[in-house]
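Chemist: Here it is, the structure in full.
What follows is calculated from the coordinates using simple rules that are stated; it is not laboratory data. Remember, it's a predicted structure, so these values are computed and weren't measured experimentally. Note: ideal-geometry Cβ built from the backbone for every residue, glycine included; neighbour counts use all protein chains shown.
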Amino acid sequence: MTRKDFVSSLFLGFMGTKAMANTSTNFFNTADAFSLPNLPYAYNALEPFIDAQTMEIHHSKHHQAYVTNLNKAVAGTPNEFTPLIDIVKNISKSSVAVRNNGGGHWNHSFFWEILSPKATTPSDTLMAMINRDFGSLEKMQADFNAAATSRFGSGWAWLILQDNKLKISSTPNQDNPLMDIAEVKGTPILGLDVWEHAYYLKYQNKRADYIKAFWNIVNWDKVEKNLKTA
């Protein structure tokens, strides 16, 4: 290679690197920060307790809308590059749009994983904590059902870990107990969506029937994992 060829190759390499850098910058500035997770089961897998049409609309329409609107809300802000869990835990620093859609994205991503078409039961470790803090599994379920039923309008019911104790709470809209604005703070290990879009096609206004059916599809193995990582 002659000196002229060498200098020419350096120049072309520099220009190529510069072009790639500009392309990368534009790509990362326009790429979506968050995406819709895949379900770990088919839309019809939870029947007859939750019907396939509800699952498809809930996941591909409602959850997708939260993701889309969250990406719009964080575009061009520091939250665009912030992990969702950190956004949620410090939600008081964010806009209402981020609170609603970030909460919706986190809550639904959590919710899908604690549902299962396979019948499971609480582990001995989890049962021991439930018995310690509620007296029995039936009492915990009754308290949870009451929180879910009495949540006015739209919201969520939660089983949380707070100071190494299990507690029941509920939140309005798309809030959750991880948020720094939550009335009752803790780490969710189980949650139930009681927005009407989660059940109305099958249960109409019978929220209590939907809540009762929920216990047939709880993924207790995932609840146990949530407990261990809380």
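Chemist: Considering only segment 160-177, how many residues are closer than 18 Å to Tyr66 by Cα and touching a residue at least 40 places away in the same chain (Cβ under 8 Å)?
Modeler: Count: 4.
Chemist: Restricting to segment 183-230, count the residues that are part of a loop (DSSP other than H, G, I, E, B), out of contact with any strand residue (DSSP E or B) (no Cβ under 9 Å at 6 or more places or on another chain) and within 16 Å of Pro117 (Cα to Cα).
Modeler: 2
Chemist: Could I ask something else about it? Here are some conditions: (1) closer than 16 Å to Ser150 by Cβ; (2) surrounded by fewer than 20 Cβ atoms within 10 Å (Cβ to Cβ). Ile168 meets all but one. Which one does it not meet?
Modeler: Against the list (1) closer than 16 Å to Ser150 by Cβ; (2) surrounded by fewer than 20 Cβ atoms within 10 Å (Cβ to Cβ), Ile168 comes up short only on (2).
Chemist: If you don't mind, there's one more thing I want to ask. How many residues does segment 153-177 contain that are assigned to a loop (DSSP other than H, G, I, E, B), out of contact with any Lys or Arg (no Cβ under 9 Å at 6 or more places or on another chain) and under 19 Å from Phe214 (Cβ atoms)?
Modeler: Count: 3.
Chemist: Return the residue satisfying two criteria in turn: it lies in segment 69-101 and is assigned to a helix (DSSP H, G or I) and in contact (Cβ under 8 Å) with a residue 60 or more places away in the chain, and of such residues it is farthest from Asp32 (Cα to Cα).
Modeler: The qualifying residue farthest from Asp32 (Cα to Cα) is Ser92.
Chemist: Regarding Asp180, is this residue within 18 Å of the chain's Cα centre (by Cα) and part of a loop (DSSP other than H, G, I, E, B)?
Modeler: yes
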